[in-house]
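Notes follow once the structure below has been shown.
The values are calculated or read from the model by the stated rules, or taken from the named source; none is laboratory data. Computed from a predicted model, the values in this text were never measured in an experiment. Ideal geometry is used to build each Cβ from the backbone, glycine not excepted, and the neighbour counts take in all protein chains shown. Keep in mind that these areas ignore ligands, DNA and RNA; they rest on the heavy atoms of the full protein, side chains included. Shrake-Rupley method; radii C 1.70, N 1.55, O 1.52, S 1.80 Å.
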Amino acid sequence: FFGGEKAAFHDHDDQQLIFDVKREQWVDSQITFQNWTTDGFTPSNPNNQTLKYCDNAGCIFRRIISTRTSKDGLSWSNSSACNEVFAGDPNRGQENYCNVTGGWNVSGMITPDHKTDPPELEFYKLTMFWIGNSGRLAGHALLYSPAPMQSLGLHYGLMNKGVACGGTQAGLAHCHGPHMYLERFLGPANGDPTELSSWQRPFKMTRVAPRDELLNIGPITYNNSIAWMSMAAGSSSWQLLTVPMYRVSGLYAPANGEFSTQTFEWPRDGICLNAAAKWEQEPGGNCDEKCQAYVMVSVTDASSNIIPGFAKERCVMMDFDSTNMRLAWNSSDTSTLVGRNVQLRIYFRDATIFAIDEC
């Protein structure tokens, strides 16, 4: 980033920009190099190596996600990961790291979970994007892990014309390993992309895109879908990879499932459901597995007691697929619920619930 003829700050190359309309600012999602010791690895060498496997970033830093913000694109905030004022170090080129003495701002970074993630896992980038006009965020994180390149050799992983590490054995000691895959993250409920501690990872171990499809640029809106322009490896033509708008993630039950919403105040315009519970009935009416989808909804008070007239048997939905299905309970008047603190109890099977919101 440049302000006139002077760099606004020195940082890493894997940066992604979005504009936060609500807060009227640009948000830069980027890599930060964090000093780290691999879990289970005991440093015992003259080079002060703290990572089990080295790569082109060295032997002591892992890649994590942080942010910077700007109102005008010229003046940028400090890295969210650093407690001290840090504008980058031109002597380290583009790389961003925090002064160890200044300490790390844990709430200003997204890091792997040491209990459930591989010990060498790193986050290479996070491409954030808005989900339509919902004010909600999602993101595609590129997962990465360095590899034991000195054992694997030159014909492994991130190769150019069949060889890695520039084709030299000497390069194996600090060679970039292969990327793992893209994982979808979900942003904070309030839509603030900078609240990094509130980002969630409900899709661990789930590959978002085909192999080697890094989706480096943000999506576009196309035909009521969120779409990414992509060119497959070895191809000369572009393709669109799409996700239906407002259906980036959902909750599916193969058998009879149930869950309750949080307590909320019933809105004047009622409640609508975004869900898919479609049948595929054969001609003549024969059906079995293809006709098992249903959704039922009851309304309870804050203590989970069913409100009279709003039991699940009065709100039964089958064979439907809608992003805006208005909930109704036969002849019960939902206007009597306006302003009350209630919960919804959802019962469903072979259906996916994407969202529950004000109509």
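Of the numbered conditions (1) surrounded by 15 or more Cβ atoms within 10 Å (Cβ to Cβ); (2) part of a strand (DSSP E or B), V248 fails exactly one; give the number of that condition.
(2)
Right, N274: at negative phi and either touching a residue at least 60 places away in the same chain (Cβ under 8 Å) or in a loop (DSSP other than H, G, I, E, B) (or both) or not?
In short, yes.
Which condition number does A7 fail, the rest of (1) aliphatic (A, V, I, L, M); (2) modelled with pLDDT under 90; (3) crowded, with 17+ Cβ neighbours inside 10 Å being met?
Result: A7 passes all but (3).
Of all residues in region 156-205, which are part of a helix (DSSP H, G or I), under 29 Å from the mean Cα position of the chain (by Cα) and free of Cβ contacts under 8 Å to residues at least 12 places away in the same chain?
So the first thing to find is which residues in region 156-205 are part of a helix (DSSP H, G or I), and the list is 165-167, 169-174, 196-198.
From what is left, the residues that are under 29 Å from the mean Cα position of the chain (by Cα) are 196-198.
The answer is S198, and nothing else.
Name the single residue that is modelled with the lowest pLDDT among those in region 161-180 being surrounded by fewer than 19 Cβ atoms within 10 Å (Cβ to Cβ) and under 30 Å from V106 (Cβ atoms).
Step one: filter region 161-180 for residues surrounded by fewer than 19 Cβ atoms within 10 Å (Cβ to Cβ), giving 161-163, 166-171, 173-174, 176, 178-180.
If we keep only those that are under 30 Å from V106 (Cβ atoms) too, we end up with 174, 176, 178-180.
On the way: H174: 89, H176: 93, P178: 94, H179: 94, M180: 95.
The selected residue is H174.
Here are some conditions: (1) closer than 30 Å to P244 by Cα; (2) at pLDDT 90 or above. S134 meets all but one. Which one does it not meet?
Unmet for S134, out of (1) closer than 30 Å to P244 by Cα; (2) at pLDDT 90 or above: (2).
So which pairs qualify, if the first residue must be in region 18-31 and more than 27 Å from R62 (Cα to Cα), the second must be open to solvent by less than 20 Å² (accessible area, probe 1.4 Å) and hydroxyl-bearing (S, T, Y), the Cβ gap must be under 8 Å, and the two must be at least 6 apart or on different chains?
Q25/S70
Only residues that are of a type in the set (D, E) and either open to solvent by 70 Å² or more (accessible area, probe 1.4 Å) or within 13 Å of the chain's Cα centre (by Cα) (or both): list them for region 206-233, please.
If we filter region 206-233 for residues that are of a type in the set (D, E), which is where we start, we get 212-213.
Selection gives D212 alone.
Within region 117-128, track down each residue that is touching a strand residue (DSSP E or B) at 6+ places or on another chain (Cβ under 6 Å) and either in a loop (DSSP other than H, G, I, E, B) or buried (at least 21 other Cβ atoms within 10 Å of the Cβ) (or both).
Result: E122, F123, K125, L126, T127, M128.
For every residue, the table says whether it meets (1) farther than 27 Å from P244 by Cβ; (2) of a type in the set (A, V, I, L, M, F, W, C); (3) touching a Phe, Trp or Tyr at 6+ places or on another chain (Cβ under 6 Å).
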{"position": "M317", "(1), (2), (3)": "no, yes, no"}
{"position": "F320", "(1), (2), (3)": "no, yes, no"}
{"position": "T334", "(1), (2), (3)": "yes, no, no"}
{"position": "L337", "(1), (2), (3)": "yes, yes, yes"}
{"position": "A351", "(1), (2), (3)": "no, yes, no"}
{"position": "A355", "(1), (2), (3)": "no, yes, no"}
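If a residue counts only when it is touching a residue at least 60 places away in the same chain (Cβ under 8 Å) and touching a helix residue (DSSP H, G or I) at 6+ places or on another chain (Cβ under 8 Å), which strands (runs of 3 or more DSSP E) contained entirely in region 297-350 have at least 2 such residues?
Working: elements: 316-318, 320-326, 341-349.
Hits in region 297-350: 341-349.
So which residues in region 22-37 are open to solvent by 10 Å² or more (accessible area, probe 1.4 Å), modelled with pLDDT of 90 or more and part of a strand (DSSP E or B)?
Passing the criteria: Q25, W26.
Could you check, for region 138-160, whether at least one of its residues is open to solvent by 20 Å² or more (accessible area, probe 1.4 Å) and farther than 18 Å from D55 by Cα?
Within region 138-160, the subset open to solvent by 20 Å² or more (accessible area, probe 1.4 Å) is 145, 148, 150-152, 154-160.
Narrowing the set further to residues that are farther than 18 Å from D55 by Cα leaves none.
Checked region 138-160: no residue is open to solvent by 20 Å² or more (accessible area, probe 1.4 Å) and farther than 18 Å from D55 by Cα.
Could you check F61 against (1) open to solvent by 70 Å² or more (accessible area, probe 1.4 Å); (2) at pLDDT below 95; (3) more than 20 Å from the chain's Cα centre (by Cα) and say which number it fails?
(1)
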